[in-house]
1. When the stretch 242-282 is examined, which residues are found to be surrounded by fewer than 18 Cβ atoms within 10 Å (Cβ to Cβ), in contact (Cβ under 8 Å) with a residue 60 or more places away in the chain and of a type outside the set (Lys, Arg)?
2. Could you check the stretch 27-52 and list, in sequence order, the residues that are touching a residue at least 24 places away in the same chain (Cβ under 8 Å) and not hydrophobic (A, V, I, L, M, F, W, C)?
3. Quick check on this structure: which one of Arg286, Arg294 is over 19 Å from Ala216 (Cβ atoms), of a type in the set (Lys, Arg), at pLDDT 95 or above and under 32 Å from the mean Cα position of the chain (by Cα)?
4. Give me the pairs, please: first residue somewhere in the stretch 64-87 and in the same structural domain as Trp43 (by TED's automatic domain parsing), second residue anywhere and among the hydroxyl-bearing types (Ser, Thr, Tyr) and in a loop (DSSP other than H, G, I, E, B), beta-carbon distance under 7 Å, and either six or more positions apart or on two chains.
5. Anything in the stretch 186-213 that is farther than 18 Å from Ala278 by Cβ and buried (at least 17 other Cβ atoms within 10 Å of the Cβ)? List them, or say none.
6. Run down Ser101, Ser144, Ser118 and say which single residue is among the hydroxyl-bearing types (Ser, Thr, Tyr), within 13 Å of Val34 (Cα to Cα) and surrounded by fewer than 21 Cβ atoms within 10 Å (Cβ to Cβ).
7. The conditions are (1) closer than 29 Å to Leu308 by Cβ; (2) free of Cβ contacts under 8 Å to residues at least 40 places away in the same chain, and Arg227 fails exactly one of them. Which is it?
Amino acid sequence: MARTTSPKTTSGSPRRAERPALVVAGAGAAGTGVALALHRSGWPVDALACRSVERAQERVALLDTGRALSLEQLCAEQPADGAARLLLIAVPDHAIAELASHLSRRPWAPDSVALHLSGSVEVAALQPLRDAGLAVGGCHPLKSFVDPQRAAETMADTVFALEGDAAAAALAEQLAHDLHARPFTLRPGRRAAWHAAATHASNHLVALLDQALDLAQTAGLSRDQARAALLPLLDGTLHNLRAHPPAEALTGPVLRGDVDVVARHLTTLAAGPADSAAAYRALARRALALARTRGTLTPSQLTRLETLLSEDTP
């Protein structure tokens, strides 16, 4: 039986004897969740910064440690000591480069490190901080962040994609190990593909389920009833995927060559939103490609399904 395997982990790197204090720029769900998990793992927290001081105060209250700052205050402050810091940048992707530029204009102690938590932004966005003397890198936790408390409690075994300068990568690896996570090195220039894979597997799954809820309503269920019915099915599918590669985990009418069933699905979908029909066709064509590798379909079934699922078929 095939099992899932983890990405190749990083090799052992020298660890700092003392963990630098955290400065979190952008204490949303991800930044706060990581900071809370690190704090519980023994990392000191210096400051959490948000757009507003009031929001930062809420996040500090959640951790019960650290200073609350606005991002503007963080960019302008003069540190009171010369201790190195770990700057975690967790603002939205489009704001990373600009914030890095602003943060590079304030003083930073020697041996400070800056890591962004983005999965898609290249480490080059932190170049101004590198020019200011910080080691820079990327440290992307492959996790869906909604509730910081829940995220902190479930950080163990999370895959962390690491990249950057040697000192930054080593500290990121230490961070991941302290969280009992699974770090691996992501090659430069590959972050967009990495993040697209994560988005397609996680965010688009939510969108797909929302489309399925629409279809279940057409069958007469309320959305709450549909969620209660479909989520266990989804759990079972994920269980199968943990034990088997996609082709072996596939079930359903395409795998069985049930052309008439697929045709009835498409007829039903044609009466609803166009995006659901388009998504069904695209994913069914991928399911057909997986079924082809299983050898379960006759040549006639393959041809009829290919024709039925063609984008040009009304």
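The values are calculated or read from the model by the stated rules, or taken from the named source; none is laboratory data. Fair warning: this is a prediction, and the values are worked out from it, not measured in the lab. Glycine also receives a Cβ, built like all others from the backbone with ideal geometry; neighbour counts cover every protein chain displayed.
1. Ala243, His244, Pro245, Glu248, Pro273, Asp275, Ala279
2. Within the stretch 27-52, Gly28, Gly31, Thr32, Gly33, His39, Arg40, Ser41, Gly42, Pro44, Asp46 qualify.
3. Arg286
4. Ser70/Ser52; Ala84/Ser112; Arg85/Ser112; Leu87/Ser112
5. Leu186, Arg191, Trp194, His195, Ala198
6. Unique residue meeting the criteria: Ser144.
7. Every condition holds for Arg227 apart from (1).
For every residue, the table says whether it meets (1) in a helix (DSSP H, G or I); (2) modelled with pLDDT of 95 or more; (3) not aliphatic (A, V, I, L, M).
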{"site": "Glu18", "(1), (2), (3)": "no, no, yes"}
{"site": "Ala37", "(1), (2), (3)": "yes, yes, no"}
{"site": "Trp43", "(1), (2), (3)": "no, yes, yes"}
{"site": "Ala49", "(1), (2), (3)": "no, yes, no"}
{"site": "Ala61", "(1), (2), (3)": "yes, yes, no"}
{"site": "Leu69", "(1), (2), (3)": "no, yes, no"}
{"site": "Val91", "(1), (2), (3)": "no, yes, no"}
{"site": "Pro107", "(1), (2), (3)": "no, yes, yes"}
